[in-house]
Amino acid sequence: MGARGLGLGHATSAMQNYTWSLFSNPALLGSETPAIGFYGLQNYGFAEITDMAALGSMPTILGVTALGFHRYGDSIFNETRIRLGYKNEWEKLHFGVAVNYNHISFGGVYGSGGALGLDVGIASMVVEQLWIGAKATNINKPAYEFSGPNEDLTRDLSIGFSYSLESHALFVMEVVKDVRFPVSYRGGVEVNIIQQLKGRVGITTEPITYSFGLGYGKDFWEINFAIQQHQLLGLSPGLDLIFKL
């Protein structure tokens, strides 16, 4: 989730204080201020397979808690996720966990199913401005239960790096392995264009995609826009709006 991550090729496993980390690496939930975010993505130009998401995060003396919601699809088929996350840190080690309730529904008489998943993540600053992060998705091997064969939820493991060139640029990269698919490599660059305006480019393999994005923000809000080009399926535009309280 998140247009900033989309513009950077989804290489978000080591992005510090990334607002949408609840949906990627919970160990990197923002710990500076409370935040509320809204996100929309129209996949390949089809309104019927639009992603919509919202989240809120709250730093406390006991750590950062976050609650998120995501819905994909329409009345014929849709998938809904509700996520509850927690992040804390000790010395330079950041660690987080997210509980994820997944529910899918088919139109007509085809029924629905639900499953509960657990994600974990860790992150740390290796040297000044260089971060490493890793996360594992659905480590409890959840599956939707139907009258026929059960369907396993996605399980993957990723490890990534991010390097900040002071206030001028951010470089991110990660390696992702889904248990069912080949290894995917992802990377992106974010540069400051003028004042609070930022430009982003990203690329992924398996599948091959290219992305471009822009972001603009002030002290209490920011807006991000990105377009991703899938090698076979076409363009997917995404937009998010974040409020920092």
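Tabulated data
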read-out: Selection count where residues are over 13 Å from VAL64 (Cβ atoms), of a type outside the set (Asp, Glu) and assigned to a strand (DSSP E or B), scope region 78-98; value: 7
read-out: Residues located in region 211-237, provided they are of a type outside the set (S, T, N, Q) and surrounded by 20 or more Cβ atoms within 10 Å (Cβ to Cβ); value: GLY213, GLY215, GLU222, ALA226
read-out: The one condition in (1) polar (S, T, N, Q); (2) touching an Asp or Glu at 6+ places or on another chain (Cβ under 9 Å); (3) modelled with pLDDT under 90 that SER13 fails to fulfil; value: (3)
read-out: Among residues of region 158-184, those that are outside any strand (DSSP E or B) and among the hydrophobic types (A, V, I, L, M, F, W, C), counted; value: 3
read-out: Filtered residues of region 35-59 (kept if in a loop (DSSP other than H, G, I, E, B) and crowded, with 16+ Cβ neighbours inside 10 Å); value: none
read-out: Single residue of region 1-17 satisfying the filter (part of a loop (DSSP other than H, G, I, E, B) and more than 13 Å from GLU174 (Cβ to Cβ)) that is least open to solvent (accessible area, probe 1.4 Å); value: GLY2
read-out: Selection within region 185-196 - open to solvent by 50 Å² or more (accessible area, probe 1.4 Å) and either part of a loop (DSSP other than H, G, I, E, B) or not aromatic (Phe, Trp, Tyr) (or both); value: ARG186, VAL191, ASN192, ILE193, ILE194, GLN195, GLN196
read-out: Subset of region 87-98 (residues that are under 25 Å from ALA143 (Cα atoms) and surrounded by fewer than 18 Cβ atoms within 10 Å (Cβ to Cβ)); value: VAL97
read-out: Search result, residues across region 99-132 that are open to solvent by 50 Å² or more (accessible area, probe 1.4 Å) and not in a strand (DSSP E or B); value: GLY108, VAL109, TYR110, GLU128, GLN129
read-out: Contacts under 9 angstrom Cβ, first residue in region 228-245 being closer than 14 Å to THR50 by Cβ and assigned to a strand (DSSP E or B), partner modelled with pLDDT under 95 and of a type in the set (Lys, Arg), 6 or more apart; value: ASP240/ARG4
read-out: Residue among ASP240, ASP178 that alone is under 15 Å from the mean Cα position of the chain (by Cα) and either open to solvent by 30 Å² or more (accessible area, probe 1.4 Å) or among the charged types (D, E, K, R) (or both); value: ASP240
read-out: Count of region 46-62 residues which are small (Gly, Ala, Ser) and modelled with pLDDT under 90; value: 1
read-out: Hits in region 18-33 - residues which are part of a loop (DSSP other than H, G, I, E, B) and either buried (at least 16 other Cβ atoms within 10 Å of the Cβ) or under 13 Å from the mean Cα position of the chain (by Cα) (or both); value: TYR18, SER24, ASN25, LEU29, GLY30, SER31
read-out: Matching residues in region 60-76 - criterion: being under 30 Å from PHE46 (Cα atoms) and open to solvent by 70 Å² or more (accessible area, probe 1.4 Å); value: LEU67, PHE69, ARG71, SER75, ILE76
read-out: Selection within region 133-144 - open to solvent by 20 Å² or more (accessible area, probe 1.4 Å) and part of a loop (DSSP other than H, G, I, E, B); value: THR137, ILE139, ASN140, LYS141
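The values are calculated or read from the model by the stated rules, or taken from the named source; none is laboratory data. Quick caveat: nothing in here was measured; it's all calculated off a predicted structure. Heads up, the Cβs are rebuilt from the backbone with ideal geometry, glycines too, and the neighbour counts pull from every protein chain shown. Areas reflect the complete protein model, heavy atoms only, side chains present, ligands, DNA and RNA absent. Shrake-Rupley method; radii C 1.70, N 1.55, O 1.52, S 1.80 Å.
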